[in-house]
């Protein structure tokens, strides 16, 4: 017997039938192995209370038992046949009114109807009936059909257990049924079960065939179990059965799976010596193995050899190297191969196009990829979900999110059900551009009947919130993740601990680290290094060193990055002797310091005003052939500028360019700041001109540094004029006018140096001023911008709304908000929150409620509304009563949120002595 698979022996529950005199169960002596899994047990039961056609079984039985008219010709049966379900068939099989032969013929007849498919219960009923009558020949055929009908591994395990239970002495497996069973087990990768069946075949005394051995060898080789396959091959030789092309190809596959191409070629050579001609599958297997090892050129040589020998490659044969070429960026070569493929009459399929999409998009030829997609549709090829996922992934990576969302919605409207990977790709795309609101809307679609979110989904969203510095929402999503039964993994904890450390929440980060271990997750290098880095950067050196020791004690070896994190903290804290000791430990552990190690030390020393020592390390690393990178130069230039050594910083700046390193925003801004500090404002503006010409966009800090220089210049002028006239002189009297005049002066001076202020210049300045709450200056710049014929974009207008709200200029904020709504733009939740809270502060509660109601009419994630508007907005501003009122509004509109959000909200309201019911949570 084949070993049973731990199923319960519950013959009495196998088929639920009406307790009627018309039916009886045809039990066969022996155990029936029944699965406790709900979906299988439901397939084996039919609830009479849910019967849609209670008389259907009796009617069909009457037709089948009518001796005057052959039932096969019955028009009534044909009319009833679309209503027949598997549980009806199981009951019909079990009726004693019908002969076994009639039941068997009906069993075959109904299985050929295009609308019908037997389930497990039908096969069980038919086998029990046949075995009851000891009709073993047809029973073996039904057994084979049952094996072939298994839809997945779970069902196959159940079927195997059941068949083991009924395979007694009189009903042993035939060679045909054994081979069918092996093939099906191989289909689902059930290696252990297949090995058990193979042993049963050998012990049964049945003479094995070439198919038996080939199937078993193939099953083992697919999993790389080459030694076990060689034992089967040896037994094959003992049985005087010669291997064929399928045997050799399977062995080649096994060696390829084990990444032993030398052994695969040995089998290939032996095959030729034995006079066995390779076929297209043999060559394709070798080509696949070579491509997996990155040997694409050798794979293409094999393809040419194959063609020379008159063996036509299949579309799969071509697609393998096409995919490999695209993966290594050789898109032109991949396209050439597609052209050759078509010339030989081999038409590309959806997988071929999918590979090209990824390759073209990855080489910044996204437009060509989209064109190829349309060409694919014109050629009548139906894209698979994999094709769409590849296209969406590349669109999102390229930042073409509007196009990606259009394709996504098109899929939904044309019969394609986006899977988890589809949702994850688009969610990741929106997270990359920090549009968390659209990401969360897609997330809610997943929760509301879509594919269930995975760890990847939650991790992507949590990381997205952390990139926006929204620690609260990241932690709320973490709670939701756990509440929804999705266990966080090491990556979840790593990104959360990192985000909390960057936000200065060290205690919470440490608690989360401990929580991780309480839940059975062992911290890895990334987890330890993340927390050690956070502690070091926040000056908690003792805690970082203690955690480093704990890491080593638990057997988790630190890597260079771990040591670098602690070295950075030690050097910033001017703990140079401790840094030297740790550096020595790094060497003793067999690790070599890298450019990051040296740069970390240099950065810490520079921030501690020890550029003299930093320069010594800089020259030492060059002597050790460790070439400085951009970060090394950035740290040194910044440090020198902090110490007003702009000349030395300028020398380093020119040196790095000669070494092929392109200065970035930080380096340009540091040197501009250095020039300003020593009064070289002219050089600062010349460097700004050079920066813009190099394609490096200045940020608000860059411009602020220059404004600071202009302000200093103005003060010097004031002092000079005052000294000449022996009086007090001031450029402008009003403080606000002083600030705005300085920004206008910046714009004029930029023009003088050939840096004509652009749309981006105004945008950066306005948004920077808004962030500081300087709405007056922002207003003046926007007016100046409009005078230049430049129109503020939505981002600028949203920044203005936020700034107006900070200064309680609610009418001005509402004017811009309404103009945005009229234009068709939906402002982010943060703008709604700012407006609603400001309206409440200024005693305009009714308007706040009206705005909240209009917000609910738009597409949002309901949980995020509660987080952003109610908790982080109203409750934070002390408007708990308004929050309760808004909850009633949400309730009236069936805007339900999660249980975890309900608990968060209840906890916050309880601080005001307010309790809430659970009506709004889902």
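Of all the residues that make up the range 250-278, how many are assigned to a helix (DSSP H, G or I) and surrounded by fewer than 17 Cβ atoms within 10 Å (Cβ to Cβ)?
Taking the range 250-278 first, the residues assigned to a helix (DSSP H, G or I) are 250-257, 261-273.
Right, trim to surrounded by fewer than 17 Cβ atoms within 10 Å (Cβ to Cβ) and you get 262-263, 265-266, 269-270, 272-273.
Number of matching residues: 8.
Could you list all residues from the range 92-102 that are assigned to a helix (DSSP H, G or I) and either in contact (Cβ under 8 Å) with a residue 12 or more places away in the chain or surrounded by 15 or more Cβ atoms within 10 Å (Cβ to Cβ) (or both)?
92, 93, 100, 102
What residue, of 89, 32, is surrounded by 15 or more Cβ atoms within 10 Å (Cβ to Cβ) and modelled with pLDDT of 90 or more?
Working: 32 fails: modelled with pLDDT of 90 or more.
That would be 89, the only listed residue that is surrounded by 15 or more Cβ atoms within 10 Å (Cβ to Cβ) and modelled with pLDDT of 90 or more.
Out of the range 830-860, which residues are more than 21 Å from residue 774 (Cβ to Cβ) and either outside any helix (DSSP H, G or I) or outside the structural domain of residue 876 (by TED's automatic domain parsing) (or both)?
Answer for the range 830-860, where residues must be more than 21 Å from residue 774 (Cβ to Cβ) and either outside any helix (DSSP H, G or I) or outside the structural domain of residue 876 (by TED's automatic domain parsing) (or both): 843, 844, 857, 858, 859, 860.
Output the residues belonging to the range 414-433 that are closer than 20 Å to residue 463 by Cβ and buried (at least 22 other Cβ atoms within 10 Å of the Cβ). If you could, list the steps in order and put the result at the bottom.
Just the residues of the range 414-433 that are closer than 20 Å to residue 463 by Cβ, to begin with: 420-433.
Result: 422, 423, 424, 425, 426, 427, 429, 430, 431.
Out of all the residues in the range 848-867, is one or more at pLDDT below 95 and on the phi > 0 side of the Ramachandran plot?
no
Answer yes or no: is there a residue in the range 483-492 that is surrounded by fewer than 16 Cβ atoms within 10 Å (Cβ to Cβ), touching a residue at least 24 places away in the same chain (Cβ under 8 Å) and not in a loop (DSSP other than H, G, I, E, B). Before you say what the answer is, go through the steps one by one.
Kept after step one, since they are surrounded by fewer than 16 Cβ atoms within 10 Å (Cβ to Cβ), are these residues of the range 483-492: 483-485, 487, 489-490.
Going one step further and asking which of them are touching a residue at least 24 places away in the same chain (Cβ under 8 Å), we end up with 483-484, 487, 489-490.
The next check asks that each one be not in a loop (DSSP other than H, G, I, E, B); those that pass are 483, 490.
Within the range 483-492, one or more residues are surrounded by fewer than 16 Cβ atoms within 10 Å (Cβ to Cβ), touching a residue at least 24 places away in the same chain (Cβ under 8 Å) and not in a loop (DSSP other than H, G, I, E, B).
Let's see how each residue does on (1) crowded, with 22+ Cβ neighbours inside 10 Å; (2) free of Cβ contacts under 8 Å to residues at least 12 places away in the same chain; (3) within 38 Å of the chain's Cα centre (by Cα):
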position	(1), (2), (3)
643	no, no, no
663	yes, no, yes
674	yes, no, no
694	no, no, yes
700	no, no, yes
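Out of all the residues in the range 514-539, which are on the phi > 0 side of the Ramachandran plot and under 24 Å from the mean Cα position of the chain (by Cα)? Before you say what the answer is, go through the steps one by one.
First pass over the range 514-539, keeping only residues on the phi > 0 side of the Ramachandran plot: 520, 539.
Of everything in the range 514-539, just one residue is on the phi > 0 side of the Ramachandran plot and under 24 Å from the mean Cα position of the chain (by Cα), namely 520.
Among the numbered criteria (1) at pLDDT below 95; (2) under 19 Å from residue 707 (Cβ atoms); (3) under 37 Å from the mean Cα position of the chain (by Cα), which single criterion is violated by residue 748?
(3)
In the range 329-363, which residue that is touching a residue at least 12 places away in the same chain (Cβ under 8 Å) and outside any helix (DSSP H, G or I) is farthest from the chain's Cα centre (by Cα)? Steps first, answer last, please.
First pass over the range 329-363, keeping only residues touching a residue at least 12 places away in the same chain (Cβ under 8 Å): 329-331, 334-335, 337-338, 341, 344, 346-363.
Okay, now just the ones that are also outside any helix (DSSP H, G or I), so 329-330, 344, 346-349, 363.
Details: 329: 23, 330: 26, 344: 38, 346: 34, 347: 32, 348: 28, 349: 26, 363: 21 Å.
My answer is 344.
How about the range 135-144: which of its residues are farther than 11 Å from residue 184 by Cα and assigned to a helix (DSSP H, G or I)?
So the first thing to find is which residues in the range 135-144 are farther than 11 Å from residue 184 by Cα, and the list is 135-143.
Selection gives 136, 137, 138, 139, 140, 141, 142, 143.
Could you pull out the residue among 436, 411 that is crowded, with 22+ Cβ neighbours inside 10 Å, touching a helix residue (DSSP H, G or I) at 6+ places or on another chain (Cβ under 6 Å) and either on the phi < 0 side of the Ramachandran plot or without any contact (Cβ under 8 Å) to a residue 24 or more places away in the chain (or both)?
Values: 411 fails: crowded, with 22+ Cβ neighbours inside 10 Å.
Result of the check over 436, 411: 436.
The values are calculated or read from the model by the stated rules, or taken from the named source; none is laboratory data. Remember, predicted model here, so these are calculated numbers, not experimental data. Note: ideal-geometry Cβ built from the backbone for every residue, glycine included; neighbour counts use all protein chains shown.
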